[in-house]
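Notes to accompany the following structure.
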2 protein chains.
Amino acid sequence: MASDHTRSAILAAAERLYADRGFGDVTLRDIVAEANVNLAAVNYHFGSKDELIAELFVTRSIATNRERLRELKAAEEQGGGRAPIEVILHALVGPTLRGCLGPENQRSTAARFMIRASIESVPPIRRIKNREIDHLRKFAGAMRRALPERSDVDIYWGLNFALAMAHHTIRESERLTKLSEGKCDLDDVEDVVARVVSVATMALTAGKAETKAPSRVAAR
Amino acid sequence: MASDHTRSAILAAAERLYADRGFGDVTLRDIVAEANVNLAAVNYHFGSKDELIAELFVTRSIATNRERLRELKAAEEQGGGRAPIEVILHALVGPTLRGCLGPENQRSTAARFMIRASIESVPPIRRIKNREIDHLRKFAGAMRRALPERSDVDIYWGLNFALAMAHHTIRESERLTKLSEGKCDLDDVEDVVARVVSVATMALTAGKAETKAPSRVAAR
DNA sequence: TTGCAATTCAAACAGTTGTATGAAACTATC
DNA sequence: GATAGTTTCATACAACTGTTTGAATTGCAA
């Protein structure tokens, strides 16, 4: 129904501008200029600026989440309902990292947009992220099945740390490159994934699985 | 010189409001109302809104950085120029975590402000964060001395992951609490510090220190 | 072609924002 | 106590924001 041309021109232009310049200083007027459409078109097709941003972000994140679950489900089916922890973690952080890292010049607009979204955190996006908990619970469940002897607390901490390493590496990829003077190669995505998975696996499997980790470091 | 009263009233009010409601929807008019001063006072004392935000953030982060370096220096002196890696990591993430976590009702305004700053990331703050690299290099140096057999790449990745776990835990503390249904106790700060240090230590010491980690996970 | 709905457009609206101004009030020095 | 310098104040400014409006245009069905 209808031409849809204006709608997708707006989406494309908005994603491009947000990816390049951030949410902070891109106005509706910038977007419609880039898309060569009228100012009122945004409100006509999307209702409001926030709903435009939300639609962009939802589209991209359900794509990532679907990819994650696809990997997870495949792994669990292959293992008869139980997948190795490394594979679960790989399914958790792989799609995100693969979507956001890689050689900059061939990085898609979608990827750069998602990086922005993870750096700037604007209200409509934050609202959507808060609904991501159900999705994460599925991974917590799979991890529990993979490591039945492990306490829930340890599982959640492991999940938290895995996401931490993936997201922080994306957010601060520029700084890490500068800090390491280029020695850390952020373009070798599979190496990054392997590092994150490896550390997260250690976090989840090492030690005696004490319910409460004792402070191993002298406080002074 | 001068009473300074207005100046500090603005700083206090701004920090409180930003901590509570975020940078996005706190205007100069909100701040001066809370501080019971005139609108023009902000520009008179600070030059601009951005400079006010910058001053708030700089004050807090040099305090944290000083605390970090104090711990680091003490540890290296005690060890004759070489400190155990756990202690170095403890000095790196301890002050930040201690400053931003802990029981919410007794969490200082400064702490809540720094959490906001790490979540929202507004331009003047981002500019300052980019100058933090020199500070991090000091820790990279100490880590290299502690683990001379380790490659630079591994050192930087370890540093990156340590910061990742600390910052992400602060940023997403609310979500982690909700996800784990309260099982992860974010108020027990020293436990959190111990967990982060423990995992980061494993990341830096485990394995054969291959220059390039092989992909341990089947890609499919 | 006619009629009707969907879409586009130019223009204006209403609100908010950070900042600038110039006069008034204060404070301390001589 | 007059004076010079600092600080406060009410007010206005200028620009920008997302959104709305109502008329013009388009596309399609009868």
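The values are calculated or read from the model by the stated rules, or taken from the named source; none is laboratory data. As the structure is a computational prediction, the values presented were derived from the model and not from experiment. Positions of Cβ are backbone-derived with ideal geometry, glycine not excepted, and every protein chain shown enters the neighbour counts.
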Positions within segment A:142-172 being buried (at least 22 other Cβ atoms within 10 Å of the Cβ), within 7 Å of chain B (Cβ to nearest Cβ) and more than 14 Å from the chain's Cα centre (by Cα), in sequence order
A:W157
Members of segment B:93-107 that are surrounded by fewer than 21 Cβ atoms within 10 Å (Cβ to Cβ) and farther than 17 Å from B:I62 by Cα:
B:G102, B:P103, B:E104, B:N105, B:Q106, B:R107
Looking only at segment A:23-33, count every residue that is within 20 Å of A:E120 (Cβ to Cβ) and crowded, with 17+ Cβ neighbours inside 10 Å and tell me the total.
4
Mind listing whichever residues of segment A:187-207 are crowded, with 21+ Cβ neighbours inside 10 Å and within 7 Å of another protein chain (Cβ to nearest Cβ)?
A:R195, A:V197, A:S198, A:V199, A:A203
Hand me the list of helices (runs of 4 or more DSSP H) wholly inside segment B:19-92 holding 2 or more residues that are within 16 Å of DNA strand D (Cβ to nearest atom) and farther than 15 Å from B:A9 by Cα.
B:49-78
So is B:E86 within 10 Å of chain A (Cβ to nearest Cβ), at pLDDT 95 or above and more than 16 Å from B:I62 (Cβ to Cβ) or not?
yes
Complete set of residues in segment A:17-48 that are within 14 Å of chain B (Cβ to nearest Cβ) and either away from DNA strand C (no atom under 14 Å from the Cβ) or at pLDDT 95 or above (or both):
A:R21, A:G22, A:F23, A:V26
Any idea how many residues of segment B:42-92 are surrounded by fewer than 16 Cβ atoms within 10 Å (Cβ to Cβ), of a type in the set (G, A, S) and under 22 Å from the mean Cα position of the chain (by Cα)?
2
So is B:I125 more than 9 Å from chain A (Cβ to nearest Cβ), in contact with a Phe, Trp or Tyr (Cβ under 7 Å, 6 or more places away or on another chain) and more than 22 Å from A:D185 (Cβ to Cβ) or not?
yes
Could you check how many residues of segment B:173-183 are more than 22 Å from A:T169 (Cβ to Cβ) and facing chain A (nearest Cβ under 8 Å)?
3
Number of the condition not met by A:T96 [criteria: (1) of a type in the set (S, T, N, Q); (2) closer than 18 Å to A:H168 by Cβ; (3) without any contact (Cβ under 8 Å) to a residue 40 or more places away in the chain]
(3)
Filter segment B:1-18 for residues that are in a loop (DSSP other than H, G, I, E, B) and not hydrophobic (A, V, I, L, M, F, W, C); which is nearest to DNA strand D (Cβ to nearest atom)?
B:S3
Scanning for something outside the structural domain of B:G24 (by TED's automatic domain parsing), under 17 Å from B:L89 (Cα atoms), in contact (Cβ under 8 Å) with a residue 12 or more places away in the chain and of a type in the set (G, A, S), does segment B:159-169 turn up at least one residue?
yes
Note down all Cβ pairs under 6 Å where the first residue falls in segment B:12-36 and is without any contact (Cβ under 8 Å) to a residue 12 or more places away in the chain, the second is within 16 Å of DNA strand D (Cβ to nearest atom), and they're at least six residues apart or on different chains.
none
Residues of segment A:1-16 classified as buried (at least 17 other Cβ atoms within 10 Å of the Cβ) and away from DNA strand C (no atom under 11 Å from the Cβ), total
5
